Each structure stands twice: as C-alpha cells, then as structure tokens.
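Asks: Input: one structure, supplied below.
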Amino acid sequence: LPYLERADQICWPQFSDEVERVRFRESEISPRDDDAQDEFDQWIRELEVPRARSEAPMLLAQGLDDKRVIPEQAVRAHARACRLGTRAELKEYPGTHHHALLEASAADVLSWLKDRLNGAPAPGCQRP
C-alpha cells in the first residue's frame with residue numbers, strides 16, 4: 001500500500017495539473033467533417049481493449065465520477081472480455097474520480113489478488 005500512495009502522490013497530481021491547465025476550444029478538438037468523425041470513431045474502436053481472450057482472470061476497477069476514463073469504457077471492456085471468454089469482474093466506485101480510484105479500490109484489488117494467489121477461482125463475468 002505505501003507504493004500505491006507514493007505513486008499517487010508523485011505521478012498523478014503533476015500530470016493532472018498539466019492536463020487541467022491546458023484548455024482547448026471546441027473547434028481545436030472536434031473532427032472537421034463526417035469523414036474525419038468516421039475515421040476517429042474507427043481509430044477509437046481499434047484501441048479498445050481487450051482484443052483477445054485471456055487465460056488469466058481480469059479485474060476492472062472504475063470510478064463512476066471519472067472524466068478521463070468514462071465508466072462506459074469500463075463497461076464495454078468488461079462486456080468484450082466476457083464475450084471473448086475471459087473471466088472478468090467489474091467493480092465500480094461511486095463518487096470516485098480518476099485519481100482517487102487507486103486509493104478507493106486498493107483493498108478490493110489486494111483482496112482479489114490474494115484470492116487468486118491462494119488458488120481461489122476468479123468469479124465469472126460479474127458486475128455490480
């Protein structure tokens with residue numbers, strides 16, 4: 001747990017401050033036309049994970065107030081993992097934003113990992 005706190009204290013605040021400092025006008029970040037929008041949508045689909053079935057189980061943790069990784073992305077990733085045959089569990093944390101997720105999920109993540117290391121089978125495709 002001390003490593004998690006240290007990572008959160010050192011890395012995220014500086015990065016987050018920089019991201020928050022930069023403000024873009026809508027015209028600077030919007031696709032210029034329908035073709036550009038279609039190209040952007042395809043690019044996003046190509047980046048979505050997971051891309052293949054995993055023999056290892058998967059735990060997804062999602063802050064429901066996250067504005068950087070929106071909750072719908074985690075829901076889609078969870079559904080995709082399940083469709084591919086991966087044993088996946090999605091845990092959602094109400095009132096939790098991006099940088100608070102590490103702390104909010106730490107106990108659940110460590111418990112989940114401990115169970116796997118002790119030979120307990122991973123839950124199937126579960127979500128709250």
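Asks: If you average 1/r across every pair of different Cα atoms in the stretch 36-128 and take the reciprocal, what Kirkwood value do you get, in Å?
Replies: 14.2 Å
Asks: Still on this structure, please answer the following. Compute the label zone of Asp108 within the stretch 32-65: residues whose backbone N is under 13 Å from the point 7 Å along Cα-to-Cβ.
Replies: It comes to 59-65, nothing else.
Asks: Further question: Excluding Ser111 itself, what net charge comes from residues whose Cβ is under 15 Å from its Cβ, given Lys and Arg +1 and Asp and Glu -1?
Replies: Taking every other residue near Ser111 into account, the sum is -1.
Asks: What is the dipole size for the stretch 32-128, taken about its Cα centre, with +1 at each Lys and Arg Cβ and -1 at each Asp and Glu Cβ, in debye to the nearest 20?
Replies: Dipole size: approximately 600 debye.
Asks: If you roll a 1.4 Å probe over the stretch 24-104 with all protein chains in place, what percent of the accessible area is carbon or sulfur?
Replies: 53 percent
Asks: How charged is the neighbourhood of Thr96? Take every other residue with its Cβ under 11 Å from the Cβ of Thr96, and add Lys/Arg as +1 and Asp/Glu as -1.
Replies: -3
Asks: Turning to a different aspect of this structure: How much length, in nm to one decimal, is gained on full extension between Asp65 and Arg80, taken as 0.36 nm per residue of separation minus their Cα-Cα distance?
Replies: Difference between extended and current length: 3.2 nm.
The values are calculated or read from the model by the stated rules, or taken from the named source; none is laboratory data. Quantities reported herein were computed from a predicted structural model and do not represent experimental measurements. As a convention, Cβ positions derive from the backbone with ideal geometry for all residues, glycine included, and neighbour counts pool all protein chains shown. Surface areas here come from the heavy atoms of the whole protein model, side chains and all, with no ligands, DNA or RNA. Shrake-Rupley method; radii C 1.70, N 1.55, O 1.52, S 1.80 Å.
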